[in-house]
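Data first, discussion second: the structure below is written as structure tokens.
Values in this text are rule-based calculations from the coordinates and carry no lab data. This is a predicted model, so every value here is computed, not measured. A quick note on method: Cβ atoms are made from the backbone with ideal geometry, for glycine too, and the neighbour counts reach across all protein chains shown.
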Amino acid sequence: MVQIPSDDDPTGVKATATSSRRNLLTAAAGALGVGLAASVLGPTLVFLGQPLRHDATSGEGDFVPAGPETLFTGRAPVKVDLYADRVDAWNRVIQVKIGSAFVLRKGAELVALSSVCPHLGCGVDYDAGADKFYCACHKSYFSLDGAVESGPSPRGLDRLELAQAEQLVTIRYQRFKTGVESKEPIT
Ligand code: FES
């Protein structure tokens with residue numbers, strides 16, 4: 001440390017001591033600032049990042065309501081849209097459409113078929129005149145039990161799990177790989 005003499009401090013000792021105190025105070029203030037910033041930022045980052053540890057869900061794979069049993073009394077397939085809450089890291093969107101299915105009666109049993117074409121994923125419709133399901137994209141036709149009758153679809157329409165309780169029909173909605181012969185759920 002260089003001691004700078006002056007008229008009222010001929011040896012320069014006072015100036016050196018003042019300078020050292022100033023440096024010490026500056027360093028202490030800096031350390032205090034860093035500590036304060038860390039104490040605020042740390043918990044904030046943990047709080048903001050917390051939702052990322054949870055998977056986003058869309059209701060797929062759960063049983064969701066398809067309608068009352070009285071909706072499915074006729075012979076013709078009934079197309080139903082299926083809704084569930086979509087939850088991601090920070091948002092919950094109430095009742096988003098997750099897909100559609102056909103519900104039809106086979107004797108005493110109700111059956112649900114996905115409306116997604118197994119060929120390349122277009123939407124399948126019911127042709128009441130022909131009494132068949134068909135996909136307009138590449139002209140695949142399916143019988144009422146879902147089997148392929150003609151066209152490029154590599155497999156029949158995918159059957160979905162259906163449950164009935166307290167006069168309500170629910171369907172476990174799932175998507176399956178397209179363009180393959182086997183029914184493989186997309187996880
Ligand atoms: S997507 Fe349905 S026939 Fe091609």
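Taking the stretch 166-187 as the range and being of a type in the set (V, I, T) and either touching a strand residue (DSSP E or B) at 6+ places or on another chain (Cβ under 7 Å) or away from the ligand (no atom under 12 Å from the Cβ) (or both) as the test, the residues that pass are V169, T170, I171, V180, I186, T187.
Residues that are within 15 Å of the ligand (Cβ to nearest atom) and among the hydroxyl-bearing types (S, T, Y) within the stretch 83-116 comprise S100, S114, S115, listed in sequence order.
Scanning the stretch 117-165 for residues that are among the basic types (K, R), under 29 Å from the mean Cα position of the chain (by Cα) and either surrounded by fewer than 14 Cβ atoms within 10 Å (Cβ to Cβ) or within 13 Å of the ligand (Cβ to nearest atom) (or both) returns a single hit, R155. Just one of (1) touching a residue at least 40 places away in the same chain (Cβ under 8 Å); (2) within 26 Å of Q167 (Cα to Cα); (3) among the β-branched types (V, I, T) fails for V116. It is (2). Inspect all residues belonging to the stretch 141-149 and state whether any of them is part of a strand (DSSP E or B) and aliphatic (A, V, I, L, M). Looking through the stretch 141-149, at least one residue is part of a strand (DSSP E or B) and aliphatic (A, V, I, L, M).
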